[in-house]
1. Checking residue 65 against (1) more than 22 Å from residue 231 (Cα to Cα); (2) without any contact (Cβ under 8 Å) to a residue 60 or more places away in the chain; (3) under 14 Å from the mean Cα position of the chain (by Cα), only one condition comes out false. Which one?
2. Please name all residue pairs, on different chains or six or more residues apart, with Cβ atoms under 6 Å, provided the first residue is in the range 201-212 and is over 13 Å from residue 95 (Cβ atoms) and the second residue is modelled with pLDDT under 95 and in a strand (DSSP E or B).
3. Restricting attention to the range 175-220, which residues are more than 20 Å from residue 101 (Cβ to Cβ), touching a helix residue (DSSP H, G or I) at 6+ places or on another chain (Cβ under 8 Å) and assigned to a helix (DSSP H, G or I)?
4. Of (1) under 30 Å from residue 9 (Cβ atoms); (2) touching a residue at least 12 places away in the same chain (Cβ under 8 Å); (3) more than 16 Å from the chain's Cα centre (by Cα), residue 216 satisfies all except one. Which?
5. Only one of 173, 119, 115, 189 is closer than 21 Å to residue 21 by Cα and either touching a strand residue (DSSP E or B) at 6+ places or on another chain (Cβ under 6 Å) or surrounded by 15 or more Cβ atoms within 10 Å (Cβ to Cβ) (or both); which?
6. For the range 32-43, does any single residue satisfy the condition of being farther than 21 Å from residue 223 by Cβ and surrounded by 13 or more Cβ atoms within 10 Å (Cβ to Cβ)?
7. Which condition number in (1) surrounded by fewer than 18 Cβ atoms within 10 Å (Cβ to Cβ); (2) out of contact with any strand residue (DSSP E or B) (no Cβ under 9 Å at 6 or more places or on another chain); (3) assigned to a helix (DSSP H, G or I) is the one that residue 110 fails?
């Protein structure tokens, strides 16, 4: 689909994983899929990303979803001010830390019409002893029984009641990197609150979705979810 200058498009803030990683010049299928279906795609390297030095990456240390949230929202405002992103048709999503930052976004603002949280974390103490990041957790947040306030302060689950954005929770059943129990907890909480939500779990899959049939299903669900809630298309 060709871009027309002066036209406002539905826009998707698509967030990278990591967070110590970055969008670079290599080919990335997902944003091309969105743009081919009529979306402007915002691919931002906020504070916490790679590419700008150690100090830039360390800004998020024990303070997730703060400065990086400010940066991605500033990018959304910029795209709106430039005239190519429609402020009434915004979506947000990502995988791994992209899903985690999505969780912070939708607990802090109601500006987005649809969200996709892929392989994300939400209630961090519940991951201790279950995922494979024990030393990382301890170095950054301390032991969960000694410093529970640090773990709870940055857990998006504690702000789940703020979410009004229709949200698709999605991941692999055998993900030991970012356990699916996080998505299950967020989905259950949103259902209990009476909010629009859906949980999709791929059996036998880990942090990356490998089986072609599941890959196809995931991309179709991406387009369906954003189509329904961001573009306003029929289900």
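The values are calculated or read from the model by the stated rules, or taken from the named source; none is laboratory data. Because the structure is predicted, anything quoted here is derived from the model rather than measured. Cβ sites come from the backbone with ideal geometry, for glycine too, and all protein chains shown count toward neighbours.
1. Among (1) more than 22 Å from residue 231 (Cα to Cα); (2) without any contact (Cβ under 8 Å) to a residue 60 or more places away in the chain; (3) under 14 Å from the mean Cα position of the chain (by Cα), the lone unmet condition for residue 65 is (2).
2. Once the first residue is over 13 Å from residue 95 (Cβ atoms) and sits in the range 201-212, no partner that is modelled with pLDDT under 95 and in a strand (DSSP E or B) comes close enough.
3. 219
4. So the condition that residue 216 fails would be (2).
5. On the way: 173 fails: closer than 21 Å to residue 21 by Cα; 115 fails: closer than 21 Å to residue 21 by Cα; 189 fails: closer than 21 Å to residue 21 by Cα.
Residue meeting the stated conditions: 119.
6. So the first thing to find is which residues in the range 32-43 are farther than 21 Å from residue 223 by Cβ, and the list is none.
The answer is no, given that none of the residues of the range 32-43 is farther than 21 Å from residue 223 by Cβ and surrounded by 13 or more Cβ atoms within 10 Å (Cβ to Cβ).
7. (3)
So that you can scan it fast, the table gives a plain yes or no per residue for (1) over 23 Å from residue 183 (Cα atoms); (2) touching a helix residue (DSSP H, G or I) at 6+ places or on another chain (Cβ under 9 Å); (3) in a helix (DSSP H, G or I):
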position: 23; (1), (2), (3): yes, yes, no
position: 47; (1), (2), (3): yes, yes, no
position: 65; (1), (2), (3): no, yes, no
position: 80; (1), (2), (3): yes, no, yes
